[in-house]
Amino acid sequence: MKAAALSCLVLCASAFAQGTKEDYDRANSLQRRFANKVYRSDVRANWIGDRFWYLLNLPGGEKQFILVDAAKATKAPAFDHERVAKALSDRLQKEIDPKRLPIEKIDFAPDLKTVDLTVGAETLRCDLADYSLTKVEGGGDRLTPMHPDAAPRASASTGEETFVTFVNAASFEIQLFWLEQSGAAIAYSKIAPGDSFRQHTYAGHVWAIAKPNGDYLAIFQADTEPRIALIDGSTPARAAPRGGGGGGGAGRSPDGSKRIAFRDHNAILNRGDNETPITTNGSESSYYEGGVFWSPNSASAVFFRTAPGEKRKIHIVESSPRDQVQPKLRTFDYEKPGDRLDHPKPVLWRDGELIEIDDSLFPNPWPSRRVEWAPDSRSFILVYNQRGHQLMRVVRVDAQTGQSKLIIEEKTDTFIDYTNKIVRHFLWDTEEIVWMSERSGWNHLYLFDMKTGELKNPITQGQWVVRGVDRVDAEKRQIWFRAGGIHPAQDPYHVHYCRVDFDGSNLTILTQGDGTHTVSYSPNGQWMLDVYSRVDLPPVTELRRASDGSLVMEIERADASELIAEGWKPPVRFVAKGRDGQTDIYGILFFPMNHDPTKKYPVIENVYAGPQGSHVRKNFAINDMRQSLAELGFIVVQADGMGTSNRSKAFHDVCFKNLADAGFPDRIAWLRAAAQQYPSIDLNRVGIYGGSAGGQNALGGMLLHGDFYKAAVADCGCHDNRMDKVWWNEQWMGYPLGEHYDQQSNVTLAPKLQGKLLLMVGELDNNVDPASTMQVVNALIRADKDFELLVMPGIGHGTYGTPYGRRRLMDFFVRSLWNAEPRAAGETNRNTEN
């Protein structure tokens, strides 16, 4: 009787199976079917005073240039498109459709009487009085070069994707460096005289140009639009040095009179052609190095003496290189939790002598080499992050005596999220510091007295979080920032824009719409373009006043009618209580487009529980791999459980020394609640997949919650937190290493496996050591467990992002949860979309 019942269950499941060729065809066609089906969604403002223009893309390939007058709250065509088409037709000797003008870019004169039109390789100036055209010689957009002393020393947060074309018009070879967010200079291409190089980058990223001797020649910051960076061999004019010092390229003082360099483990001072040793006691075990941070008056400098760490290296084999038959050994630096790290100590040089610095307040630093000089050159600031990330201090050092003074001390029993929740803005004119902290249990901003270290006042407070600071206006004593949860009736992960005074008064929420927001400000600071959306709401673009956030006018509301007509359906937002029965857990569900609510569908959870952020998408997007997976007959879900970020400190702290938890109790409770509301969810057939930290989570779900999850795909997982990168794992799992590292390792837990498992890994993964996956393989073999393994030659971090890996993931779940053979109606049409 039991065998008959089981047979019926299998037959019934197979009868409803949807992993057919037709389903695969539909899943693999979504990207093509849904592409370019949303209009009026991308408004990129190009400001001219209180006006701006933008290009509007319309159905059928039509487009229109629109001009908005913010002060008058009007919107109209930027010019007469039919007259421009007629003028272009006469010049180009061919018919031009006014609804499809071949114009790539326009640029208005400040008085709006003429507009430059970029047409192919030409720039044509159109006189809007009579629509006559004249060629503009030397047209084109160039980035403004900045002197190294007056330029940003690190890239801002990643903005829109763009390109910069670097043109070397100098008589010597130049070296291109990217100044990453930490300030480190990452070497890119060398560009020969007369050559150019097109570099993919992002708005806000900073690129430095160095001479052959290593000195920085100029610095460029990428804009939202593709630009040209012309290097002619001259250095741009120097702006006045700012507080923070830092000096010029390769250790040159702000006044240009001297330079500190490093050779044979020691520091050397160069004045013109004269060279003088600063130190003579450097060695391999204790060497002097930069960066060099000069005082604004060029009299003093701070550099570092470092006791080196163990410099762990990872070795991986490229089995199938494209340029030879034999394998290649690849080696790279990779520090892991518990490793002995570099121990840098600041060294103060002043007027030809070394001043001993009192380092009692920063004895065991997480490696950091950043210094902020006071404008009067009498002191400088160090921010000390103690290894283990439970103690952070702001320390002020007297440049005359070397004595250190504690200004701010931040302590916690869990962790300080130093990689994501750090704001330290020094207001030298008023001797104040804007500081970010979770001391109240919520991520907020505080104002400290830089002289006494006393807390002057909280700047923000309440049961919501600051997500980032956009601008600190010292003159008006205001902060412009992003917040989550500040509208209690909305999803707490929605990003809103706000402004507040330094004393905490006049908190102004500048955005209102129910969605997550992105704001850009006019150059004069008077206006803001606010774009908001949700997974189930296409973008809405509004013009608002920056003074109070009041609505001026709606600019565009995205038109998704063609997309919906094509069959697209948005993910469903769903909220349910977590493990404690009180805390709301937020997630989304993807249903097949042919979903039949009377049938039962297996559910697949896409998991990523990395504590560095929250991961459920909040903005509108068309193409999503999870929708393609749903088309094979699944309901695909994702939720952010406890232990992830952007909620309260208590919500986040669940992950501390506890990454194996991964929010499973919350997400399982959420899924049970979802099944109550959507009965087509079959909780007897639950799969899970993820990559990187999500790969660790996916396998962890099978090992610790095998009664709930029946199948998993774990891609490139950091399965043992001792095997992965030091900065990420010690941040959440703590230092020094304890028994919890071993107890929570998927290698240790491997004998608990039940259900079906596919492990995936790229052999060239330089993000997560691929040996982490292979050690799980070894443990599973020793435990005599059945599983599948896919190792992809030539692939780095992330394999199911490849067409083959994606197809294997799909096939695995069809077989494991539907007990069906993929593409049962035919073997044609393998996945061809990436």
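The values are calculated or read from the model by the stated rules, or taken from the named source; none is laboratory data. Please read these numbers as outputs of a predicted model, since none were measured by experiment. Neighbour counts are summed over all protein chains in view; Cβ atoms, including those assigned to glycine, are modelled from backbone coordinates with ideal geometry. With ligands, DNA and RNA removed, areas are computed over all heavy atoms of the protein, side chains included. Shrake-Rupley method; radii C 1.70, N 1.55, O 1.52, S 1.80 Å.
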HN-Hα couplings for segment 803-813 via Karplus (6.51, -1.76, 1.60; θ = phi - 60°), in whole Hz with x for Gly/Pro, come out as x, 5, x, 5, 5, 5, 4, 4, 4, 4, 6
So which of K599/K710; K21/K785; K569/K710; K569/K752; K75/K476 end up more than 30 Å apart, counting from Cα to Cα? K21/K785; K569/K752; K75/K476
Could you state how much accessible area M450 has, in square angstrom rounded to the nearest 10, with a 1.4 Å probe and all protein chains kept in place? 0
Return the calculated 222 nm mean residue ellipticity for the chain, to the nearest 500 deg cm²/dmol, obtained by summing -39500 (n - 2.57) across DSSP H runs with n ≥ 4 and dividing by the residue count. -4500 deg cm²/dmol
Surrounding charge for N729, neighbours by C-beta under 9 angstrom, Lys/Arg +1, Asp/Glu -1, total +1
Percent of accessible area on segment 23-97 owned by carbon and sulfur, 1.4 Å probe? 43
What aspartates and glutamates could a cross-link reach from K336, if we take a straight Cα to Cα line under 17 Å and drop same-chain neighbours fewer than 8 places away? E310, D720, D724, E730, E739, D742, D765, D769
I need the chymotrypsin sites (Phe, Trp or Tyr not before Pro) found in segment 281-370, filtered to DSSP loop residues with at most 16 other beta carbons within 10 Å of theirs. none
Using unit Cβ charges (K, R positive; D, E negative) and no other charged atoms, how large, in debye to the nearest 20, is the dipole of the chain about its Cα centre? 1200
Among the lysines, which have Cα under 22 Å from the Cα of K405 when same-chain residues fewer than 8 positions away are ignored? K345, K451, K456
Rounded if a/c is under 1.5, else prolate if a/b beats b/c, else oblate: with a ≥ b ≥ c from the C-alpha gyration tensor eigenvalues square-rooted, which is segment 18-169? oblate
Just the accessible area for W53, please: 1.4 Å probe, Å², rounded to the nearest 10? 20
In whole percent, the fraction of accessible protein surface over segment 593-752 that belongs to carbon or sulfur atoms, probe radius 1.4 Å, stands at 51
Taking H placed 1.01 Å from N in the peptide plane, check which residues at least 5 places from L112 or on another chain put their amide H under 5 Å from its amide H. none
At q = 0.07, 0.08, 0.10 Å⁻¹, what is the base-10 log of I(q)/I(0) for the chain according to the Debye formula with one equal point scatterer per Cα and no solvent? Please give it to two decimals. -0.65, -0.86, -1.34
A student applying the Cα gyration tensor rule (rounded when a/c is under 1.5; otherwise prolate if a/b is larger than b/c, oblate if not) would label segment 552-623 oblate
Could you state the number of Å between the C-alpha centres of segment 424-448 and segment 347-369? 24
Under 1.5 on a/c is rounded, so check that first for segment 637-783, then, if it is not, pick prolate when a/b is larger than b/c and oblate when it is not; a ≥ b ≥ c are the square roots of the alpha carbon gyration tensor eigenvalues. oblate
Starting with the highest mean, order 190-198, 553-561, 599-607 by the number of other Cβ atoms within 10 Å, averaged over the residues of each peptide. 599-607, 553-561, 190-198
Filtered hits (lysines, Cα-Cα < 17 Å from K99, offset >= 8 within chain) -> K63, K86
Of every hundred units of 1.4 Å-probe accessible area on segment 283-354, the number belonging to carbon and sulfur atoms, as a percent, is 46
Could you tell me how far the Cα centroid of segment 73-109 sits from the Cα centroid of segment 198-231, in Å? 33
For the chain, with the dipole built from +1 on Lys and Arg beta-carbon atoms and -1 on Asp and Glu ones, taken about the Cα centre, which of W366, L632, Q490 lies farthest toward the positive end? L632
Taking only protein heavy atoms into account and a 1.4 Å probe, give the accessible area per residue of the chain in Å². 43
Residue-wise HN-Hα coupling along segment 512-528, computed from phi with Karplus coefficients 6.51, -1.76, 1.60 (Hz; x: Gly, Pro): 10, x, 6, x, 9, 10, 10, 10, 10, 9, 5, x, 7, x, 8, 10, 9
Considering amide H positions built from the backbone, and no H for Pro or chain starts, which residues 5 or more places from R125, or on another chain, come under 5 Å of its amide H? L117, T134, K135, V136
Using each residue's phi in segment 627-638, evaluate 6.51 cos²θ - 1.76 cosθ + 1.60 at θ = phi - 60° and report the 3J(HN,Hα) Karplus result to the nearest Hz, with x for Gly and Pro. 5, 4, 5, 4, 5, 7, x, 10, 9, 9, 9, 8
Would you grab the residues whose amide H sits under 5 Å from the one on A229? Only those 5+ places off in sequence or on another chain, please, with H modelled 1.01 Å from N. L143, T165, F166, V167
